[in-house]
1. Considering only segment 50-66, I want to know if a residue exists there that is within 18 Å of Phe88 (Cα to Cα) and among the β-branched types (Val, Ile, Thr).
2. Output the number of residues of segment 24-41 satisfying the condition of being closer than 19 Å to Ile80 by Cβ, not in a strand (DSSP E or B) and not acidic (Asp, Glu).
3. What are the pairs with Cβ atoms under 9 angstrom where one residue, in segment 1-29, is surrounded by fewer than 13 Cβ atoms within 10 Å (Cβ to Cβ) and the other, located anywhere, is in a loop (DSSP other than H, G, I, E, B) and not small (Gly, Ala, Ser)? Sequence gap at least six, or different chains.
4. Within segment 65-74, is even one residue in contact (Cβ under 8 Å) with a residue 40 or more places away in the chain and in a helix (DSSP H, G or I)?
5. Consider Val35 carefully, then state whether it is modelled with pLDDT under 95, on the phi < 0 side of the Ramachandran plot and out of contact with any Gly (no Cβ under 9 Å at 6 or more places or on another chain).
6. Which is among the aliphatic types (A, V, I, L, M), outside any loop (DSSP other than H, G, I, E, B) and out of contact with any strand residue (DSSP E or B) (no Cβ under 7 Å at 6 or more places or on another chain), of Ala21, Ala4?
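The values are calculated or read from the model by the stated rules, or taken from the named source; none is laboratory data. Worth saying up front: this structure is predicted, and the values here are computed from it rather than measured. Note that we place each Cβ from the backbone using ideal geometry, even for glycine, and neighbour counts take in every protein chain shown.
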Amino acid sequence: MSKAAVIYWSGTGNTEAMAKAVEEGVKTAGVECDVIPVDEASASRLADYSGIAFGCPAMGDEELEDTEFQPMWNAVSGAIAGKKIGLFGSYGWGDGDWMRR
């Protein structure tokens, strides 16, 4: 069975609620899933997952939250090659430039 992780940062609770909805969808599809707050995520911890969904609200003009999410993203982005990746977020992601990149 494949295993997925949902990693999120939430300032007001909206993105956390979205993370829980993503978890339910993943489990409904028959995949084991763990929801991980951003401060508990690391490249070594993500090695066991075949799929990872990352969630963060937009901060300003399509910017990631820069004190917790951005540093985590920088630390794990090199270790997720070959994995199925999903992105979700709340607030104003504009035209989605960051998500496309």
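1. Yes: one or more hits.
2. As a first pass, look at segment 24-41 and keep what is closer than 19 Å to Ile80 by Cβ: 26, 31-41.
Within this subset, residues satisfying the condition of being not in a strand (DSSP E or B) are 26, 31, 38-41.
From what's left, not acidic (Asp, Glu): 26, 31, 38, 41.
Selection size over segment 24-41: 4.
3. What qualifies is Met1/Val31; Thr12/Pro57.
4. Checked against the condition, which is being in contact (Cβ under 8 Å) with a residue 40 or more places away in the chain and in a helix (DSSP H, G or I), segment 65-74 yields at least one hit.
5. Taking the combined requirement at face value, the residue does not satisfy it.
6. When all the criteria are applied, what remains is Ala21.
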